[in-house]
Structure formats: C-alpha cells, structure tokens
Amino acid sequence: MSENKHYRKEWIENGRIICIRFNDVGKEAADLCYADLAELFGQWNLDRPLHLLMDVRLGNILVSSQALMRSRQVTRITGSTPGRTAVLIDNAFTAQIVSGLLRALSGERERAVFSQESIARAWLLQNNTTTTAEIKKAPPPGYEG
C-alpha cells in the first residue's frame with residue numbers, strides 16, 4: 001500500500017484489484033494519480049487483467065476539471081490492457097457527470113459507476129460477460145442516488 005495526502009493506493013481482493021481511495025480530487029491529486037496510473041499501466045503484464053477501483057466518495061465535493069481531464073488522459077494510456085475500471089461515487093450529481101464521461105470515453109476497457117463498494121468489487125471480478133456497449137446503455141449499476 002502507498003499513501004500520500006491526496007489518496008491511498010492498495011491492492012484488495014487478494015491482489016486482484018488495485019484500489020485508489022481519494023481524500024480530495026483537486027489538481028495536485030489528479031496529477032499525482034495520473035503519474036501513478038501511467039506507471040502502473042506502462043509496466044503491467046498484459047497476460048493478466050488489471051482491475052481498477054477508483055473511490056471518490058467524498059460527500060458533496062465535486063470532481064475537479066483537472067481530474068476529469070486526467071481521466072480522459074488515463075484512457076489513452078490504458079491501451080489494450082485487459083480488465084475493468086469501477087468508480088465509486090456517493091453524490092448523485094457527480095455520478096451523472098462521471099457516468100456521462102465514461103460513456104463518452106473510447107477504448108476497449110469496460111467502465112462503470114457504483115455507489116456500493118461490494119457491488120463494484122463483484123462487477124470487477126465477474127467474468128467478462130457484459131459488453132462496453134451494454135454498460136453505456138445501462139444506468140450506473142448499484143447507484144441509488
């Protein structure tokens with residue numbers, strides 16, 4: 001596990017999911033996280049899926065424009081890395097913004113927004129039976145906001 005003042009990064013589910021738990025989502029946090037993810041995806045063994053859980057449950061704090069920009073940039077570096085990305089959010093307005101962003105992102109990686117961590121973890125670890133197109137059409141799974 002590594003930690004800084006902006007987020008904590010840890011492996012969960014017996015090392016099958018990398019989880020990043022944010023304390024804030026400002027410019028510095030977005031820039032540091034982007035650098036961490038660029039390194040992680042750049043060094044990843046493509047024979048294994050890389051499942052990513054981004055926990056941004058910060059109450060009424062909105063995601064910064066820098067965080068949104070960096071999330072688009074992360075999409076470019078994930079390339080053909082197998083796996084899924086789940087985003088945990090507890091604010092209905094932010095969930096709508098992030099869900100819209102995820103639908104607009106290109107690439108092969110499946111992405112979805114959740115409000116419950118247990119549902120997000122289960123989705124990350126399930127067999128790849130849901131297509132990205134199906135996720136783009138569906139409301140955010142597990143989100144009651």
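The values are calculated or read from the model by the stated rules, or taken from the named source; none is laboratory data. Just so we're clear, the structure is a prediction, and the values are computed from it rather than from any experiment. Neighbour counts are summed over all protein chains in view; Cβ atoms, including those assigned to glycine, are modelled from backbone coordinates with ideal geometry.
If you go through the range 3-50 one residue at a time, how many are touching a residue at least 24 places away in the same chain (Cβ under 8 Å) and part of a strand (DSSP E or B)? The qualifying residues number 9. Inside the range 6-39, can you point out the residues that are in contact with a Leu (Cβ under 9 Å, 6 or more places away or on another chain), of a type in the set (A, V, I, L, M, F, W, C) and crowded, with 17+ Cβ neighbours inside 10 Å? 17, 18, 19, 20, 22, 25, 30, 37, listed by residue number. Filtered by the rule that a residue be under 12 Å from the mean Cα position of the chain (by Cα) and closer than 19 Å to residue 108 by Cβ, the range 4-54 gives 17, 18, 37, 50, 51, 52, 53, 54.
Remark: pairs (first residue in the range 110-121, farther than 18 Å from residue 58 by Cα and part of a strand (DSSP E or B); second residue of a type in the set (D, E, K, R) and modelled with pLDDT of 90 or more; Cβ separation under 6 Å; 6+ apart in sequence or on different chains) = 110/84.
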